[in-house]
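First up is the structure itself, then whatever we jot down about it.
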Amino acid sequence: MSRRKDKKQKSTRRLYIALLLWLTCCGPLPMYTIGGIIAAGLITYAGSKLIDKLIDQLFDGKKKQAEPYIPYTQPQQTAQPASTYGPEVDSIIADGNRAMAEMGRLYASIENPEIKRKINELMRVSDKIVQDAIHDPSDVPQIRKFLDYYLPTTIKLLNAYDRMDAQGIQGENIDGTKQNILEMLDTAIEAFKKQLDSLFANQALDIETDIDVMNTMLRREGLAGGSMDDFKLH
């Protein structure tokens, strides 16, 4: 309904503009000739469209200025219990969530698609590292070191890239630093993956030990044949 009303108002406005221009042309132009009528018609047509467009731009500009700025806010998360997995693990989870939120903000802020891809990969691996604290609390010291230095330093570099990129200008220092950060992110991704792999070292050792013990018992009872190595992890 409002669109129809707005369209009708614009049509009425254009009609008044055209009429005003036509009347204005009646003075200087010889309206008693065909040439004068044609010239008046062209001026009326072109002038009315131009004036109408300028009026639309003027009103659109005022509307944009009137719109309040809404800063970026993180989505509200569901409240979690004060303690779920114990104080150390809960602290790991809380710090990890804050880091993920900041990296999500940087992902939304930075326009470079290559940087976005790297941030996405960093978030994916980092989340797995943080979640490992739940499954294996003995890994908490390693994960705490990761959260206290490696992840914050990576976020610091991303924030520096974001600030430089927001300047919208090129320069030797800015371009060089941005390129160094871009290359460093590849190193960080590989380091994060190695960190995640190292967290499973204890689990892999325990599993291999269980397999060796079971293999020995089965051989002793005559329930399995072949080499004892058949049951080992490869």
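Odds and ends about this structure:
- Estimated D of segment 80-152 in µm² per second, where Rh is the Kirkwood radius over Cα pairs and Stokes-Einstein applies at 4 °C, 1.567 mPa s: 101
- Karplus (6.51, -1.76, 1.60) ³J(HN,Hα), θ = phi - 60°, over segment 127-142, in Hz, Gly and Pro reported as x: 5, 5, 5, 5, 5, 5, 4, 6, 7, 9, x, 5, 7, 3, x, 5
- Three-way shape call for segment 94-203 based on the alpha-carbon gyration tensor, with the a/c threshold at 1.5: prolate
- Electrostatic tally near PRO152: other residues with Cβ closer than 14 Å to its Cβ, Lys and Arg +1, Asp and Glu -1, net +1.
A short reminder: the numbers here are calculations on the coordinates, not readings from a lab. Not measured: the values here are computed from a predicted model. All Cβ positions, even for glycine, are placed from backbone atoms using ideal geometry, and neighbour counts span all protein chains on display.
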